1. Among [x] 33.1; [y] 14.9; [z] 16.5, which is the computed mean projected area of the Cα convex hull in nm²?
2. At Ile96 and Ala73, where each label point lies 7 Å from the Cα along Cα→Cβ, what is the point-to-point distance in nanometres?
3. So which residue, out of Arg167, Arg86, Arg23, gets the largest mean-square fluctuation from a GNM of the chain using Cα contacts under 10 Å as springs?
4. How much length is gained if the chain between Phe89 and Leu47 is pulled fully straight, taking 0.36 nm per residue apart and subtracting their Cα-Cα distance, in nm to one decimal?
5. Hand me the chymotrypsin sites (Phe, Trp or Tyr not before Pro) from the stretch 82-170 located in a DSSP loop with no more than 14 other Cβ atoms within 10 Å, in residue order please.
6. Suppose every Lys and Arg Cβ carries +1 and every Asp and Glu Cβ carries -1, with no other charges. What dipole size does the chain come out with about its Cα centre, to the nearest 20 debye?
7. Quick one: length gained pulling Leu38 to Tyr80 fully straight, 0.36 nm per residue minus the C-alpha distance?
8. For the peptides 280-288, 30-38, what is the packing order when you average, over each peptide's residues, the other Cβ atoms within 10 Å and list the highest mean first?
Amino acid sequence: MSQALPPAPSNAPSRDDRTELPRWIEPLLLLGPAGIWLGLLLIIPTLLIVELSLVPSIRPGQVVNPSGLNNYALIFQPIYLQVLGRSLFFALGTTIICLLLGFPVAYWIALMVPKRWQNLLVVGFVLPLWTSSLLRSYAWITILRPTGVLNSLLQSIGLPALDILNRSPAVLVGMSYSLLPYMVLILYASLEKLDRSLLEAAADLGASPSQVFWRVTVPQTIPGITAGALLVFITGLGDFVDPELLGGASSMTAARLIYNQFLGATQNWGFGSALSTLLILAVSIAIALLLKYGDRNTSNV
């Protein structure tokens with residue numbers, strides 16, 4: 001009669017004998033690649049810019065030590081304050097234009113167009129973003145130049161020609177055209193999530209269409225309006241192509257001034273770094289305000 005042999009001893013460690021990694025190791029391994037990428041492309045370059053902003057005057061190939069805040073004091077000279085003011089004017093003007101044009105378009109797509117056509121219309125408005133910004137600017141040059149399409153059309157119906165190329169209106173037109181899709185896309189996403197039962201309830205209680213719009217629709221879309229306005233404003237503040245090609249020499253902006261300090265004829269890296277640091281700080285403050293008060297607005301709706 002055969003007898004069962006006892007199981008052979010196993011050399012594999014049991015689950016209790018295995019060394020468990022600390023809980024913080026797994027999140028660190030998952031976030032490590034993204035953190036390295038963020039550090040190499042954002043944090044380290046920003047620190048280098050801040051360091052260069054403390055150098056009084058530096059050109060490529062020079063080795064100097066930081067010596068103070070002279071570059072930041074230079075920013076507050078009247079000529080540079082005028083440039084910063086013009087940049088804020090273009091960014092704020094573009095934001096207002098995009099909001100005034102984008103809200104009706106997003107409202108129409110989200111609430112009035114049949115569902116099956118909404119995605120197609122949204123893609124149609126986003127299509128300009130798939131083209132080069134240079135191509136868009138040169139297209140507007142063709143339209144706005146003295147012998148361009150716009151003036152030819154105006155003269156054909158007996159109206160005087162407009163001389164707006166290389167002026168501020170041309171910059172506003174080009175920037176608004178370039179940034180309008182962002183505003184439409186964000187506002188459409190906000191309007192699509194509207195609680196339509198509130199709109200119907202307000203109408204049933206006797207509210208007029210204008211009252212429903214201003215007291216029900218707009219408060220629900222405040223987070224989308226804030227996000228779209230901030231995105232357009234920040235992008236417009238750093239826009240280089242449209243002011244360069246459509247504005248001419250009279251439309252110097254902060255982005256163009258920074259470009260001239262690094263790659264243009266001026267080649268003053270210290271002053272260019274100070275301007276860059278100031279813009280980074282302004283954008284960071286705007287984003288922090290959005291993160292702080294955006295959730296508050298959402299909770300109050």
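Read-outs: derived from the displayed coordinates by stated rules, not from any lab. Please read these numbers as outputs of a predicted model, since none were measured by experiment. Note that we place each Cβ from the backbone using ideal geometry, even for glycine, and neighbour counts take in every protein chain shown.
1. [x]
2. So the two model labels end up 3.6 nm from each other.
3. With Cα springs under 10 Å in the chain, the top fluctuation among Arg167, Arg86, Arg23 is at Arg23.
4. Full extension of this stretch gives 12.2 nm more.
5. Listed in order of number, the matching sites amount to none.
6. Dipole magnitude for the chain comes out near 400 debye.
7. Extra length from Leu38 to Tyr80 when fully extended: 11.9 nm.
8. Listed from highest to lowest mean packing, they are 280-288, 30-38.
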